[in-house]
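We did not get these values from a lab; they are worked out from the coordinates using the rules stated. These figures come from a predicted structure and were not determined experimentally. We place every Cβ from the backbone using ideal geometry, glycine too, and count neighbours over all the protein chains shown.
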Amino acid sequence: MIWATLKSLLSRKLRLVLSGLAVVLGVMFVSGAFVLTDTLQRSFDNLFATVYSTTDVQVNQKSKLGEAYDGEDTAGDGIAPDVVAKVAQVPGVAKATGVVSSDGARMIGPNGKVVTTWGPPRLGNNWIDGDPLVSLREGRAPQNADEIVINGTLAQETGYKVGQQASVLTLQPKKTFTIVGIAEYSGGRDSLGGVLQIYFHESVASELMLGKPGVFSNIDVKASPGTGVEQVRDNVAKVIGDGLEVKTGKELAAAQTKEFDEGLGFFNNILLGFAGVALFVGIFLILNTFSIIVAQRTRELALMRAIGASRKQMITSVMVEALVIGVLASALGLLAGIGVGAGLAKLFGSFGSDSLRIASVGVPAAAVISSFVVGMLVTLVAALLPALRASRIAPVAAMQEAATPDRPLTRLTVTGAVVGAVGGTLLGLGLDNGELWFILGGVLISFIGVALLTPLLARPVVGLIGRLFSWSVPGKLGRLNSGRNPRRTAITAAALMVGIALITGVNTILASADKSLHGFAQTQVKADLFISGDQMNERPPTFDPAVVDRIGAIPGVSSVSAEYWDAAQVNGNDRGVVAVTDLAAMATMVGLKPAAGSLGRLGPEQAVIDEENAKEQNLTVGSTVKAQFARGGEHTLTIVGIYAKSDIFRGYVLSPSVIPDMRIPQPSMAYLTVADGTPVADVRKQVDALLADSPEVSVASTEEFVDGQVAQFDTVLLMVQILLALAVLIAVLGIVNTLALSVLERTRELGLLRAIGLGRAQTMRMVTVEAVVISVFGALLGVAVGTGLGAAVVKALEGDGIREFALPWSAMGIYLALGAVIGVIAAVAPAIRAARTNVLTAIAYE
């Protein structure tokens, strides 16, 4: 029996390729994700090992905000020079060097814009002669306060040469320096991991980057020859204060690697999630393929039953065929994934010249195991139902001229309704409680429920869609063909439904968020102008605090308030907090309403909080909280007001008295109103002039500001569409596969149609109409289901401010049009095959 199965499989090579292609693509995504993340992980392991290769021991500040900020360059008040001297006297220490290194040195390019990065920091350091990791490629070291050295990547990005002048933003307003040198790193690299680095003279480095003269962010310790680095670490730890920590270079590299691996693991999970969607869609394709194959082989399988094959042998026959396809597809998918992972890793490393040297491509065990387990499991699960159906074929079917008729849809419809209800319940519970696994499970089960219900909808909806193409005989035939087998049509359409439903759902959520934000701006925001910038990495764009006072002095400006954001520990818990220069003005401009106390201008050590957090933390007007920032001592803040729930603000709003202790004591945003009768455009020009030295930010109207915030959604949507494109591609293959097998199944029918006068062009049109109808049906289902999923998420997000529901009409129209285009593309090969059918051979076909 097994030998007969393998012979049957090898005799239908096209069927083998078509049914396995979906698994190949899905497995490619899985193995590619593992190969990519493994390669990047080893690349960054090598990078961090290089960064700390010359570090024996390092002394860092312990963050006052908890372990999450330990070792950060802006984590504290700085290390005093006497501590460096003290460490230098420790037994086993050959040399102790104070180092200034902090993110936030932003160079302004020749075009007047700040040079940005795709993630790596923009470090400002003090130049240290004799550093074995860094050397001069050109020029000399800085000798005065107005001289700097830049690394090779920054020189390449800006085009600056030695001897030119360049402006730099730090914790102080824009300053102009002369570039006296260009640095490189061990191995002749332009940078380490794409970091943009500026080296200042030691006389100004700490004041510019740490906000305090004469201090350091860490101490590099060189061990004496013959002394172990662990011994030096322990010796140093005994003499330094409690606010510092000591680690070896290996420990620092391991800590950096661990932190990166956590972020990379999250990225890997996202890729695997989209791979799961692709494989889920692939199940529909394989299920449909095997269902059609079983239907085509009804007489063959019945003959086997007639000559003694048992039901168990029939199931084994189909499952062996699925197993062979699964193994071959998994192997091909693994190989394709290795290529894709290697290519993406190389692309990743190409950002920023030679910023990251990509490690040799490796194939982790997880990639191999997951590829075969997932590929084979998906194929076997998808083939199980057709296998059971094959086992139920009666021997008498061997004497029938036609395949068995389609069965009633009652049981399938009831099952689909129950499964859909379970999925909807899980989804609702997940959205209500914020449980990710409930949400994912609810979406998955809901899709299965809709897929089971799809055959009930197939015949009437497909018939309605098909009427658009029924103006000719081929169109009528194509419409009838697409509706003759609702199960087959439904499964084919369901594959396309999944991808388009997810894209539509995301689009619906983002469109609703867009409408909600614009609604807030129109009804609650009273500010005339906003000052802000686009945040490209962890550090927000900022501007000179003195600009706020100058804006307030512009004739016609009635109020202005600046906003400073930071992390803090409030009563021992990590919180995001905002300090504002004028709470009363800000409350008016963003529509904050007092629920208790006052929202007037805050005095020293005062704060307000929203009513929801106040209730959770058992705070009332007059309560005090302990707040610790990155710098300075602990603040005791008095709650002087509680504001009503707002769609714009939530949490603590603090007095300006805490600003000096924030990690970035510069405003990231400001709002202002213009007095009646004063042209806003005139004020805007004057504000623009004041921001000339702060190119990271710009002034915008309320509408422009909201549009800028919403524009970030476009990036999210684009990424989702790119990652879901594979699922859509598999759905296209599903339509091609269904039509190709259907053409084979209807060989005699096509021959008869050709014999009574249907031309080749008409035959192609008939098959194309069938494909377009099925594809548009799938797209229509996807748009409908996606809209429902999006509406459910929007409803759940009402408490987070998304209160307006909006449909992305233009996108929905594009997806439906895309469905028609997909149908035309998918029909090309099957239509040509159908048109080439030899009439005499087809009529004689058995």
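In deg cm²/dmol, rounded to 500, what helix-only [θ] at 222 nm does the chain give when every DSSP H run of at least 4 residues adds -39500 (n - 2.57) and the total is split over its residues?
Helices in the chain give a 222 nm mean residue ellipticity of -18500 deg cm²/dmol.
In terms of modelled amide H atoms, which long-range or inter-chain residues lie less than 5 Å from the amide H of Asn218?
Excluding prolines and chain starts, which carry no amide H, the hits are Val99, Ser101.
Roughly how many Å is it from the Cα centre of the stretch 455-508 to that of the stretch 642-717, as a whole number?
So the two Cα centres are separated by 50 Å.
Whose amide H sits under 5 Å from the amide H of Asp610, counting only residues 5 or more places off or on another chain, with H placed in the peptide plane?
For Asp610, the qualifying residues are Tyr643, Gly651.
Hey, how many Å between the Cα centroid of the stretch 118-132 and the Cα centroid of the stretch 168-214?
Answer, in whole Å: 6.
Could you pull out the trypsin sites (Lys or Arg not before Pro) across the stretch 764-840 that fall in loop regions by DSSP (anything but H, G, I, E, B) with no more than 13 other Cβ atoms inside 10 Å?
The qualifying sites are Arg836.
At a Förster radius of 25 Å, what calculated FRET efficiency corresponds to the Cβ-Cβ distance of Ala725 and Ala366, to the nearest 0.05?
So, using R0 = 25 Å, E works out to roughly 0.50.
Which whole-angstrom value gives the distance between the alpha carbon centres of the stretch 532-577 and the stretch 230-272?
Rounded to whole Å, the Cα centres lie 32 Å apart.
Full extension from Arg392 to Leu440: what is 0.36 nm times the residue separation minus their Cα-Cα distance, to one decimal in nm?
Separation in residues times 0.36 nm, less the Cα-Cα distance, equals 13.8 nm.
Any idea which of Ala595, Phe438, Val320 is furthest toward the positive side of the dipole for the chain, if Lys and Arg beta-carbons carry +1 and Asp and Glu beta-carbons -1?
Val320
Give me P(r) over the stretch 59-259, computed from all C-alpha to C-alpha distances, binned every 10 Å, as integer percentages.
Result, from short to long distances: 9, 34, 36, 18, 3, 0 percent.
Given the convex hull of the Cα atoms of the stretch 467-534, what is a quarter of its surface area in nm²?
9.1
Only loop residues by DSSP count here, and only those with at most 14 other Cβ atoms within 10 Å; note down the GluC sites (Glu not before Pro) in the stretch 171-239 that meet that.
Taking the stretch 171-239 and a limit of 14 other Cβ atoms within 10 Å, no loop GluC sites (Glu not before Pro) are found.
Ranking request for peptides 335-348, 775-788, 702-715: highest mean number of other beta-carbon atoms within 10 Å first, then the rest in descending order.
Packing order, densest peptide first, comes out as 775-788, 335-348, 702-715.
Under 14 Å Cα-Cα from Lys250, which aspartates and glutamates qualify once same-chain neighbours fewer than 8 residues away are excluded?
Asp45, Asp56, Asp220, Glu230
Using a 10 Å cut-off on Cβ atoms, rank the peptides 639-649, 373-383 from the highest mean neighbour count down.
Ranking, from highest mean packing down: 373-383, 639-649.
Considering all alpha-carbon pairs of the stretch 544-690, what whole percent are spaced by more than 18 angstrom?
Taking all Cα-Cα pairs of the stretch 544-690, the fraction more than 18 Å apart is 56 percent.
Which FRET efficiency, nearest 0.05, do Asp800 and Lys212 yield, Cβ-Cβ r, R0 35 Å?
Once the sixth-power term is evaluated, E becomes 0.35.
Please report Rg over Rh for the stretch 642-774, where both radii come from the alpha carbon positions and Rh follows the Kirkwood definition.
1.39
Amide H neighbours of Gly632 under 5 Å, counting only residues 5+ apart in sequence or on other chains, H built in-plane at 1.01 Å?
When sequence neighbours closer than 5 places are left aside, the close amide H contacts are Asp77.
Going down the list Lys113/Lys175; Lys64/Lys212; Lys526/Lys645; Lys615/Lys795; Lys175/Lys212; Lys113/Lys174, which pairs span over 19 Å between their C-alpha atoms?
From Lys113/Lys175; Lys64/Lys212; Lys526/Lys645; Lys615/Lys795; Lys175/Lys212; Lys113/Lys174, over 19 Å: Lys615/Lys795.
At 20 Å minimum axial length over the Cα atoms and a Kyte-Doolittle cut of 1.6, report the qualifying DSSP H helices in the chain, or say none.
Result, helices passing both filters: 365-391, 436-466, 809-835.
If you put +1 on each Lys and Arg Cβ and -1 on each Asp and Glu Cβ, how big is the dipole of the chain around its Cα centre, in Debye rounded to 20?
The dipole of the chain has a size of about 5420 debye.
Pick out, from Val246, Met536, Gly211, the residue whose Cα sits farthest towards the positive end of the charge dipole of the chain, with +1 on the Cβ of Lys and Arg and -1 on the Cβ of Asp and Glu.
Comparing the listed Cα positions along the dipole, Met536 ranks first.
If I stretch the segment between Asp574 and Ile128 completely, what's the gain in nm (0.36 nm per residue apart, minus their alpha carbon distance), one decimal?
Result: 157.0 nm gained on full extension.
List the trypsin sites (Lys or Arg not before Pro) within the stretch 83-121 that DSSP assigns to loop and that have no more than 13 neighbouring Cβ atoms inside 10 Å.
Lys113
Using packing as a proxy for protection, rank 489-495, 523-529 so that the peptide with the highest average count of other Cβ atoms within 10 Å comes first.
Top of the packing list down: 489-495, 523-529.
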